[in-house]
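The values are calculated or read from the model by the stated rules, or taken from the named source; none is laboratory data. Source: prediction; values computed, not measured. For neighbour counting, all protein chains shown are included, and Cβ atoms are generated from backbone atoms with ideal geometry for every residue, glycine included.
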Amino acid sequence: MDDAGYPASLAASCEPDVLQALLWLREQAVHSGIDYKSLGQGWDHPQDRLTYREADPRAWSFRSSRKRQDLSKQHLDSVASSIIDADSGDNSQAAVVAAFANEIGFDLGTALDPPCFRGVYQALKNELLLPLRSLNEAQRSMHTTFNGHPVPAAPVAKVVNAITSAVFAGNYKDWRYSNKVGKAMLAGLSEQQLEAWISTDTHQHGPLTTHEGENEELDSSGPQRSADLPMGLMLKGSVSSACSATHGTR
């Protein structure tokens, strides 16, 4: 077994990107996994990216989360074994896509666009497993407002499916600026202004480089920001900001 708990032969059985995706899957689902399906969203969960990475035992004291981590470990071990046995690059990418969908509770059969490995790879790179798991598996927490007013379940499910589908297809940024909410927010901009708004700027200041984030906009906005938190890790989910074309710093 290697340091991540996978068989050492896995590295020889798949492409480097597939191996990296599997390592990220294990880190996010096993090391830091939270069972939002049973716990729902709430103030008991960590509120920043670093706390999730460190997996402070005090934050992972819920028995259901420990059980979910064990199930994720078994699942990912099975995925790794199937990749080793199949010894096929195409199959290994498809296995990662299916594994990610399983870990966040998303039915690939409901995807609005064809899922692809590159979309999943980018999502894992930007640590989206837990935000997307929360959005998909804890939707009941979004069926009421903070003030206790009811929110219809069907529209919430529709938007969550659209967000998740866009991430899986690798076109979240395009969807963010073309969905009904995003387009309405940007309706007052000229074509030139719109182009400037959508662009991801990078500036050089001597030896220092500053940039807004990656071009896919998964790292600093969207699904990570859907709870208006540093990482958006679902204290009380709000899908509206993930649809927003203006959410974030410009």
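Limited to region 8-51, what total is found for residues that are assigned to a loop (DSSP other than H, G, I, E, B) and either surrounded by 15 or more Cβ atoms within 10 Å (Cβ to Cβ) or modelled with pLDDT of 90 or more (or both)?
Matching residues across region 8-51 total 12.
If you go through region 100-125, how many residues are polar (S, T, N, Q) and either buried (at least 22 other Cβ atoms within 10 Å of the Cβ) or free of Cβ contacts under 8 Å to residues at least 60 places away in the same chain (or both)?
Selection size over region 100-125: 2.
Filtering region 58-76 down to residues that are at pLDDT 85 or above and more than 14 Å from Leu25 (Cβ to Cβ), which residue is surrounded by the most Cβ atoms within 10 Å (Cβ to Cβ)?
Per the stated criteria, the residue is Ser65.
Quick one: Pro131 ticks every box in (1) in a helix (DSSP H, G or I); (2) at pLDDT 95 or above except a single one, so which number is it?
Status for Pro131: all satisfied but (2).
Suppose we filter Val79, Val97 for residues that are in contact (Cβ under 8 Å) with a residue 40 or more places away in the chain, surrounded by 15 or more Cβ atoms within 10 Å (Cβ to Cβ), over 14 Å from the mean Cα position of the chain (by Cα) and part of a helix (DSSP H, G or I); which single one remains?
After applying the criteria, what remains is Val79.
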